[in-house]
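These notes concern the structure reproduced below.
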Amino acid sequence: MSRCENVFAILNELQSNAEKIDQDQILRLEKLILSANRIFIGGAGRSGFVGRAFANRMMHLGYTVYFVGEPTTPSIQEGDLLIIGSGSGTTASLVSNAGVAKKQGAKLATVTMFPEHTIGAMSDVVIMIPGVTEKFAGEGGGSVQSSGSSFEELTWITYDAVVMDLMRITKQNDSQLYARHANME
């Protein structure tokens with residue numbers, strides 16, 4: 001068996017980029033989650049796929065959670081939390097959603113490469129993830145992967161890190177989460 005060098009190149013890049021994630025911002029996001037009435041998660045494209053997986057895990061933890069844009073998603077209100085994953089921080093539909101959330105008095109958190117862009121500037125909590133997108137070159141100018149991949153992968157891992165903390169904080173184990181797993185697939 002020969003070693004797959006591309007896998008290790010990706011893992012090395014993710015580890016290097018993970019060094020730049022601010023744990024204090026993760027803790028601030030967790031406090032917002034713990035105090036929210038309901039949680040709304042948004043993202044477009046591949047960031048939306050990652051957001052859907054996070055929404056699923058949050059449901060497994062017992063939170064009332066919705067993915068923005070689904071037909072069963074209600075209106076956001078004061079006391080709620082919107083978490084947006086957006087590499088660029090400028091995707092028009094997500095900027096609009098952020099504006100609606102703030103206007104309604106909800107809290108806003110974002111995971112982005114560009115905290116200074118529109119969504120980050122509006123947010124109560126910003127988790128900066130290094131990377132590059134098709135629209136913007138990231139710090140360092142490049143990636144070993146195709147554009148956007150490292151951001152989405154590290155966003156997924158960051159969301160999972162939040163889930164790990166919330167499991168510990170809420171004193172839940174895998175069996176309790178699995179009890180909420182879908183039984184109609």
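Considering only Thr90, Ser149, Tyr66, and ranking their Cα positions along the charge dipole of the chain that arises from unit charges at the beta-carbon of Lys, Arg, Asp and Glu, the one farthest toward the positive end is Tyr66. Taking the centroid of alpha carbons for each part, the stretch 64-99 and the stretch 1-28 are 27 Å apart. Of the listed residues Arg52, Arg38, the order by accessible area with a 1.4 Å probe, largest first, is Arg52, Arg38. Dividing the helix sum by the residues of the chain, where each DSSP H run of 4 or more adds -39500 (n - 2.57), gives a mean residue ellipticity at 222 nm of -14500 deg cm²/dmol. Panel note: the C-alpha atoms of the chain, placed on their principal axes, show extents of 47, 39, 32 Å (largest first). Rolling a 1.4 angstrom probe over the chain with all protein chains present gives an accessible area of which 54% lies on carbon and sulfur atoms.
Maximal additional length on extending the Ile157-Thr73 stretch stands at 27.7 nm, based on 0.36 nm per residue less the C-alpha distance. Accessible surface comparison of His117, His181, His60, probe 1.4 Å, protein chains only, largest first: the order is His181, His117, His60. In the assembled protein chains, Glu116 presents an accessible area of approximately 120 Å² (probe radius 1.4 Å). Across the protein chains, with a 1.4 Å probe defining accessible surface, the residues Tyr63, Tyr178 rank Tyr178, Tyr63 from largest area downward.
Normalised by residue count, the stretch 23-112 yields a Cα convex hull volume of 94 Å³ per residue.
Projecting label points 7 angstrom from Cα along Cα→Cβ for Ala53 and Leu177 puts them 1.3 nm apart. Accessible area per residue for the chain, computed on protein heavy atoms with a 1.4 Å probe, is 53 Å². Taking all protein chains as shown and a probe of 1.4 angstrom, Lys107 keeps an accessible surface of around 100 Å².
Think of the chain as a dipole: +1 on every Lys or Arg Cβ, -1 on every Asp or Glu Cβ, centred on the Cα centre; then among Gln25, Gln104, Phe40, Gln104 lies furthest on the positive end. Listed by chain and number, the lysines whose C-alpha is less than 17 Å from the C-alpha of Lys171, apart from same-chain residues fewer than 8 away, are Lys31. Using the Cβ of Leu82 as centre and a radius below 11 Å, the other residues enclosed give a net charge of +1, where K and R count +1 and D and E count -1.
The values are calculated or read from the model by the stated rules, or taken from the named source; none is laboratory data. Computed from a prediction, not measured in an experiment: that's the story for all the values here. Heads up, the Cβs are rebuilt from the backbone with ideal geometry, glycines too, and the neighbour counts pull from every protein chain shown. These accessible areas exclude ligands, DNA and RNA; they are computed on the full protein's heavy atoms, side chains included. Shrake-Rupley method; radii C 1.70, N 1.55, O 1.52, S 1.80 Å.
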